[in-house]
1. Residue by residue through segment 99-118, note down the ones that are touching a helix residue (DSSP H, G or I) at 6+ places or on another chain (Cβ under 8 Å), open to solvent by 60 Å² or more (accessible area, probe 1.4 Å) and not in a helix (DSSP H, G or I).
2. Among the residues of segment 309-323, write down those that are open to solvent by 40 Å² or more (accessible area, probe 1.4 Å) and either closer than 17 Å to I265 by Cα or under 23 Å from the mean Cα position of the chain (by Cα) (or both).
3. All but one of (1) in contact (Cβ under 8 Å) with a residue 24 or more places away in the chain; (2) hydrophobic (A, V, I, L, M, F, W, C); (3) open to solvent by less than 40 Å² (accessible area, probe 1.4 Å) hold for M149; state the number of the condition that does not hold.
4. Six or more apart or on different chains, Cβ atoms under 8 Å: show the pairs whose first residue is in segment 315-328 and of a type in the set (A, V, I, L, M, F, W, C) and whose second is in a loop (DSSP other than H, G, I, E, B) and surrounded by 13 or more Cβ atoms within 10 Å (Cβ to Cβ).
5. Select from segment 158-171 the residues that are touching a Ser or Thr at 6+ places or on another chain (Cβ under 8 Å) and crowded, with 21+ Cβ neighbours inside 10 Å and write down the one among them that is nearest to F95 (Cα to Cα).
6. How many residues are touching a residue at least 24 places away in the same chain (Cβ under 8 Å), under 28 Å from T199 (Cβ atoms) and not hydrophobic (A, V, I, L, M, F, W, C) if we restrict to segment 69-115?
7. Search segment 257-280 for residues being among the hydroxyl-bearing types (S, T, Y) and more than 23 Å from F25 (Cα to Cα), and hand back the single one that is most open to solvent (accessible area, probe 1.4 Å).
Amino acid sequence: MGNLLRILLNNDPPSKHSDNIFVDFENAQPSPSEERVWLMVKKVLDMAQEVLLEIQRYSGATEEIRMAISNPKIEDLQDKAWQSVTPLVSKLKKFFEFSLELERVIPELLGELCSEDLTPREHLEQQQSLFKQFAEILDFVLKFDDIKMTTPAMQNDFSYYRRTLNRRKMANEDEIQEGEEHVSNELANRMSLFYAQSTPMLKSLSDVTAKFVSQHKDLPLEQTTDCLSMMANICRVMIENDEYKSRMKEETRLFCLRVMVGVIILYDHVHPLGAFTKTSSIEMKSSIKLLKDQERTKVEALLNALRYTTKHLQDVSTSKTLKTMLAD
């Protein structure tokens, strides 16, 4: 199994040894040494499912806003739009605040998974429960951002809310009822920047990972990026290996694919040269091929994530082969 580290870090061609790590995403439990961070992250991840359910149900106030804008002198329509959008802003605030919770715990996870006391392979073998939690964060990020990209009402609702709030203040401050202003100006500015991103959760994750690297100058960048690339390659190998694949439920296989893509995107944002260069320690051709070998309807969103949310795909250093594979 020691050869796996050599293969993943030195970019040697894959061999039969590359399939020697199986991460038990379904049953991994924390060891005593992992428990402190695991419990901290678990509290945040327990909130993630609720956030996903709420964003999936996000209906928006598009019609009410359209009617209000089209009929600026009809006060009832203005009130109806305002009453429709204010509870939605509470939801948007909740989503943004959850991103801050992720930013709080991610450095703790990275600190455990990327420390120099173990090699990346040893970390991922011995700390599978923390690897699983990091994978679950990536899974959440992809799901949230996928919904956000197809829900323009989120940004439109918040923009309308800010414009209307400012107009109501200028018209008559007494009209604003107690508790009606859900967000302060400072928070509103931060939320605007967040929702202006096509993939806001990925941006938060990338930024906090880059900040982790910059703040830990005693920790080589390679220790973090090698850990990320190994995560991506392990997830790929677990699906390619028939024996490992047979030990997982269908949903776990799809989870592995989503995590693989999530780590590739994160690596591409954090590593100076990205994931698509020849020197990348992620097997990009094999990863893309694996995705394209799956049922198209199940992985189209993942392929689009690689096409549109990576940082270095269109670089001149990216081979035409990879660009063509993702263009199809």
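The values are calculated or read from the model by the stated rules, or taken from the named source; none is laboratory data. Here the structure is a predicted model, which means the values were calculated and not measured. So basically every Cβ, Gly included, is an ideal-geometry build from the backbone, and we count neighbours across all protein chains shown. For accessibility, only protein heavy atoms count, side chains too; no ligands or nucleic acids. Shrake-Rupley method; radii C 1.70, N 1.55, O 1.52, S 1.80 Å.
1. The one that is touching a helix residue (DSSP H, G or I) at 6+ places or on another chain (Cβ under 8 Å), open to solvent by 60 Å² or more (accessible area, probe 1.4 Å) and not in a helix (DSSP H, G or I): E116.
2. Within segment 309-323, K311, Q314, D315, S317, K323 qualify.
3. (3)
4. L322/F276; L322/L313; L326/L313
5. So, considering only residues that are touching a Ser or Thr at 6+ places or on another chain (Cβ under 8 Å) and crowded, with 21+ Cβ neighbours inside 10 Å, the one nearest to F95 (Cα to Cα) is F158.
6. So the count comes out to 13.
7. By that ranking, first place goes to T279.
Here's the yes/no breakdown for (1) part of a helix (DSSP H, G or I); (2) over 21 Å from the mean Cα position of the chain (by Cα); (3) closer than 30 Å to N156 by Cα; (4) aliphatic (A, V, I, L, M):
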| site | (1), (2), (3), (4) |
| --- | --- |
| M201 | yes, no, yes, yes |
| S206 | yes, no, yes, no |
| M231 | yes, no, no, yes |
| E243 | yes, yes, no, no |
